[in-house]
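*Asks:* Sharing a structure below in structure tokens format, with a few things to ask.
Each value in this text was obtained by applying a stated rule to the coordinates, not by laboratory testing. Since the model is a prediction, treat every value here as computed from it, not as a measurement. Here Cβ is always computed from backbone atoms with ideal geometry, including for glycine, and neighbour counts include all displayed protein chains.
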Amino acid sequence: MKFVVASDHAGVDMKDFIADFLKNKNFDVVDLGTNGTTSVDYPVYADKLANYILSNNDVLGILVCGTGVGISIRANRYKGIRAAILYSDEVAEMVKKHNNANVMVFGGRTMSKEDITRRIDIFLNTEYKGGRHQRRIDMLDL
Ligand code: RB5
């Protein structure tokens with residue numbers, strides 16, 4: 001399993017923290033930027049990450065902006081991307097179990113490091129249930 005991470009300037013510190021957290025768990029991590037706190041446009045980084053996931057197998061994505069909202073809206077415009085904001089522990093479990101999310105999204109200005117790392121662990125320790133949920137996932141893309 002490999003991870004790809006990306007953020008805008010409002011999420012860069014948290015994105016770097018998450019990348020280190022994942023590397024410490026021995027995951028390969030590809031960092032698509034941004035790097036540094038110069039103001040950038042979050043759709044650009046959602047685009048980079050969505051394209052990477054859609055052209056590589058067995059990759060999970062992590063996106064971070066200030067709230068997680070803008071960057072997730074953009075990522076979800078791509079067919080095949082299921083980007084979910086993990087805004088609670090319960091949601092971290094459900095977006096894997098029912099939605100088989102392939103991108104975890106966080107708010108760099110709205111969530112704590114402790115909450116984020118705990119939710120990543122919950123997501124990784126949960127199995128996708130398939131069955132009727134796959135039928136619904138197959139209905140998602142326009
Ligand atoms: C950037 O200031 C901020 O708008 C962005 O990071 C994000 O929160 C948008 O949804």
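*Asks:* Take the conditions in contact with a strand residue (DSSP E or B) (Cβ under 8 Å, 6 or more places away or on another chain) and touching a residue at least 24 places away in the same chain (Cβ under 8 Å) and apply them to Asp8. Does it pass?
*Replies:* Judged against the criteria, Asp8 is a match.
*Asks:* Hey, another quick one. Residues in region 68-81: is at least one away from the ligand (no atom under 16 Å from the Cβ) and small (Gly, Ala, Ser)?
*Replies:* As a first pass, look at region 68-81 and keep what is away from the ligand (no atom under 16 Å from the Cβ): 78-81.
Checking the rest, the ones that are also small (Gly, Ala, Ser) come to 80.
Among the residues of region 68-81, at least one is away from the ligand (no atom under 16 Å from the Cβ) and small (Gly, Ala, Ser), which makes the answer yes.
*Asks:* Across region 69-100, what is the total count of residues that are surrounded by 18 or more Cβ atoms within 10 Å (Cβ to Cβ), touching a Ser or Thr at 6+ places or on another chain (Cβ under 7 Å) and not hydrophobic (A, V, I, L, M, F, W, C)?
*Replies:* 1
*Asks:* Working carefully through the options Phe3, Phe17, find the one that is part of a helix (DSSP H, G or I) and aromatic (Phe, Trp, Tyr). It would help to see each step written out before you state the result.
*Replies:* Values: Phe3 fails: part of a helix (DSSP H, G or I).
It is Phe17.
*Asks:* Let me ask something additional. Does region 82-103 hold any residues that are within 16 Å of the ligand (Cβ to nearest atom) and touching a residue at least 40 places away in the same chain (Cβ under 8 Å), and which are they? Before the answer, list the steps.
*Replies:* Applying the first criterion (within 16 Å of the ligand (Cβ to nearest atom)) to region 82-103 yields 83-87, 103.
Matches in region 82-103: Val103 only.
*Asks:* If you don't mind, there's one more thing I want to ask. Quick one: how many residues across region 11-44 are out of contact with any strand residue (DSSP E or B) (no Cβ under 6 Å at 6 or more places or on another chain) and either at positive phi or aliphatic (A, V, I, L, M) (or both)?
*Replies:* 6
Here is a yes/no grid of residues against (1) surrounded by fewer than 19 Cβ atoms within 10 Å (Cβ to Cβ); (2) among the hydrophobic types (A, V, I, L, M, F, W, C):
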| site | (1), (2) |
| --- | --- |
| Asn24 | yes, no |
| Asp31 | yes, no |
| Thr38 | yes, no |
| Val44 | yes, yes |
| Tyr52 | yes, no |
| Ser55 | yes, no |
| Asp58 | yes, no |
| Gly61 | no, no |
| Cys65 | no, yes |
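*Asks:* Also, quick follow-up: Show the residue pairs meeting these rules: Cβ distance below 8 Å; 6+ apart or different chains; first residue within region 36-50 and away from the ligand (no atom under 12 Å from the Cβ); second residue hydroxyl-bearing (Ser, Thr, Tyr).
*Replies:* Ala50/Tyr78
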